[in-house]
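*Asks:* Below you'll find the structure I mean.
The values are calculated or read from the model by the stated rules, or taken from the named source; none is laboratory data. Everything numeric here is computed off the predicted structure, so don't read it as measured data. Here the Cβ positions follow ideal geometry from the backbone for every residue, glycine too, while neighbour counts run over all protein chains shown.
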Amino acid sequence: MTTRPTKSLGGPIRKSGVAVVLLVAAVWSISGLDVSLSRLASAPGDAWAIVRFMFPPDFSGEIERGVIGKVLESVYIAWTGTIIAATLSLPLAFLAATNIAPPWLRVPVRQLFNAIRAVPELIVAVVLLAVTGLGPWAGALAIGLHSVGTLGKLSTEAIESIDQGPIEAVESTGGGWTSRMRWGVLPQVLPTVISYWLFRFEINVRASAVLGMIGAGGIGSELVQQLNFRNFDAVGAVLIVTVVVVIAIDTLSAAVRRRIIAGTSRSSRSGSRDATALSDLTGIKIG
Amino acid sequence: MTAVSTRPTKPKPRPIGFVIAGAIVGFTIFAAAKVGFTLTTVINLGNLPDNPLTDTIWDKGKVWSLFWPIPWDWVLDRHNVIDPLLETFQIAIISSIIGCSLALPISFAMSRLTAPNRPTYFVSKAVMNLIRAVPDLFWAKLLVVAIGVGAFAGAWALSIFSLAVMVKLFSETVDGADPRPLEAARAAGARHIPAVRTSVLPTVFPAYVAYALYVFELNIRASIVIGLVGAGGIGRVVEAQRSVFQYDRMLGILVIMFGVVIIIEQVSVAIRKRLV
């Protein structure tokens, strides 16, 4: 006699419980959003009207006014911020690793990483801009400081997962602490850590574009200006340039990362690994 | 012991390595200079030009007095911070629900394994990649301009963006699902949608729940900041106080935000531990 397998998605009580919770949450949320039926009905039309205004995008005037320059400025900000974060986070990661640093040292460093990760870079930038005034380098500093949290955490994990053998080997030949770190640890973690830096750079390109919107230079400021003047065809050009640059950098950096980790720049089925890395880098672990 | 122990020769570094290293260093210096990071700005962190406000503060060494003390009675007043914070949660919740529920069918259309046909696959993939390439705050600003200032625009923006993130994460999980149950269902004569629903969905659903929680956390963080461009929530208050130089109030709100983000993270970690 064959028995039918039982369903695995949870019992009916649990399912309807989840449904009720979601429904109540949705209703409560919508109640706070100042939504009226007329607004809901007109919103897609309004959004579509803007999209229609944007096309065809006005490239001629835009390139003259330096949209390309602005988007490159965003890339420079992201790069500088990533370099700042990389140089700060690597030594700190050594101080936070269980297999290297004593507890009195690594616990505070880890807490520092956690605290930094909890503050979005826009918030860092808001505070920095208040002190330094508007400008791209405040954006770079904000990105750098924020990225120290995630890069530090990931580099720490990379250092903790190394093979202890090379360290012992260096020790047996009389190598001191510095030599052990330089020849025993660093070569093992460097490929992973560099690929994390590159991944963070991809994220930082988006972040620096956003930082421009609150006055930290780059393509974001251009977008806000053109939107404020209702130059929708120029907005279209800004968006297209942003999308092209973001996708180009993502593709290039992904190829370099694959070359560093897998030894070939060809695309392989590494999608889910990317997804995990993405979640790691944004500071949130999946499952 | 006759053998003369020969020391292993050090491998010669390839010239391409030097070229790459030089290019990286060169680009870094160039980028830093473009951004305005020169050695002098770092050294004279305080004496930045073209900002009369900070110049005077730094000269008197009183920058801290702008931020301190935090006016807690203002910060803890219901209208000032608590209500906007609730609005932030509302934006995050509704956009997570909308984004994640739309993501379920679209992810299946976007996976090589379960796409009904090739045009659907390519079109959905291209559209979603395009949406994801535009940063979340750009969406918020665009929608604020299109449909008006406030939480409504923010919820729209985050719904769109979390949809794009969710389909990216989840469709890759679907790609990696075991194809054999699907083949079995097809062999048994099931049509496309019932076959996917009964043979693929159960195997990937736990991942869906995990990603949904992750997207919710992302949305909480994003909804805190979208107010800076006028899309509602607590960021609106930060922007308002920043624009009138009330940095002490701003710092108070930031402290509250910091606490909220940490609490949400702890709760979410706890939930995920129970799920897994």
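*Asks:* In the range B:190-232, how many are of a type in the set (Gly, Ala, Ser) and over 30 Å from A:Ala125 (Cα atoms)? Show your work before the answer.
*Replies:* Of the range B:190-232, the ones of a type in the set (Gly, Ala, Ser) are B:190, B:195, B:199, B:207, B:210, B:212, B:222-223, B:227, B:230-232.
Within this subset, residues satisfying the condition of being over 30 Å from A:Ala125 (Cα atoms) are B:190, B:195, B:199, B:207, B:210.
Total satisfying the criteria: 5.
*Asks:* Separate question: Identify, please: which residue in the range B:134-170 is assigned to a loop (DSSP other than H, G, I, E, B) and facing chain A (nearest Cβ under 7 Å) and is, among those, farthest from the chain's Cα centre (by Cα)?
*Replies:* B:Gly150
*Asks:* Quickly run through the range A:99-123 and pick out the residues that are among the β-branched types (Val, Ile, Thr) and either within 9 Å of chain B (Cβ to nearest Cβ) or more than 15 Å from the chain's Cα centre (by Cα) (or both). Explain how you work it out, then say what you get.
*Replies:* Of the range A:99-123, the ones among the β-branched types (Val, Ile, Thr) are A:100, A:107, A:109, A:116, A:119, A:123.
Those that are among the β-branched types (Val, Ile, Thr) and either within 9 Å of chain B (Cβ to nearest Cβ) or more than 15 Å from the chain's Cα centre (by Cα) (or both): A:Ile100, A:Val107, A:Val109, A:Val119, A:Ile123.
*Asks:* Taking the range A:35-50 as the region of interest, how many residues are surrounded by 14 or more Cβ atoms within 10 Å (Cβ to Cβ) and assigned to a loop (DSSP other than H, G, I, E, B)?
*Replies:* Selection size over the range A:35-50: 1.
*Asks:* While we're here: Can you name the helices (runs of 4 or more DSSP H) wholly within the range B:39-133 that have at least 2 residues being at pLDDT 75 or above?
*Replies:* Details: elements: B:39-43, B:52-60, B:63-67, B:72-75, B:83-110, B:118-133.
Passing ranges, in order: B:72-75, B:83-110, B:118-133.
*Asks:* Continuing with this model, one more query. Restricting the range B:184-216 to residues that are over 15 Å from B:Phe108 (Cβ atoms) and of a type in the set (Phe, Trp, Tyr), which is farthest from the other protein chains (Cβ to nearest Cβ)? Step through it out loud before you land on a result.
*Replies:* Of all residues in the range B:184-216, those over 15 Å from B:Phe108 (Cβ atoms) come to B:184, B:187-189, B:206, B:209-210, B:212-216.
Applying the additional criterion that residues be of a type in the set (Phe, Trp, Tyr) yields B:214, B:216.
Numbers: B:Tyr214: 5, B:Phe216: 10 Å.
The extreme case among them is B:Phe216.
*Asks:* When B:Ala33 is evaluated against the numbered criteria (1) modelled with pLDDT of 75 or more; (2) surrounded by 14 or more Cβ atoms within 10 Å (Cβ to Cβ), which criterion, by number, is the only one it fails?
*Replies:* For B:Ala33, the failing item is (2).
*Asks:* Still on this model: I'd like the full set of residues that are of a type in the set (A, V, I, L, M), closer than 20 Å to A:Ala142 by Cα and assigned to a helix (DSSP H, G or I), limited to the range A:88-123. Break it down stepwise before answering.
*Replies:* Step one: of the range A:88-123, the residues of a type in the set (A, V, I, L, M) are A:88, A:90, A:92-93, A:95-97, A:100-101, A:105, A:107, A:109, A:112, A:115-116, A:118-119, A:122-123.
Still in the running and closer than 20 Å to A:Ala142 by Cα: A:88, A:90, A:92-93, A:109, A:112, A:115-116, A:118-119, A:122-123.
The answer is A:Leu88, A:Leu90, A:Leu92, A:Ala93, A:Val109, A:Leu112, A:Ala115, A:Ile116, A:Ala118, A:Leu122, A:Ile123.
*Asks:* Another question, if that's okay. What pairs can you find where one residue is in the range A:69-81 and at the interface with another protein chain (Cβ under 9 Å from one of its Cβ atoms), the other is not in a helix (DSSP H, G or I), and their Cβ atoms are less than 7 Å apart, with a gap of 6+ or different chains?
*Replies:* A:Glu73/A:Gly217; A:Glu73/A:Gly218; A:Ile77/A:Gly217; A:Ile77/A:Gly218; A:Thr80/B:Phe37
*Asks:* Check whether at least one residue in the range B:7-30 is assigned to a helix (DSSP H, G or I), modelled with pLDDT under 80, closer than 30 Å to A:Ala130 by Cβ and not basic (Lys, Arg), and report yes or no.
*Replies:* Looking through the range B:7-30, none of the residues is assigned to a helix (DSSP H, G or I), modelled with pLDDT under 80, closer than 30 Å to A:Ala130 by Cβ and not basic (Lys, Arg).
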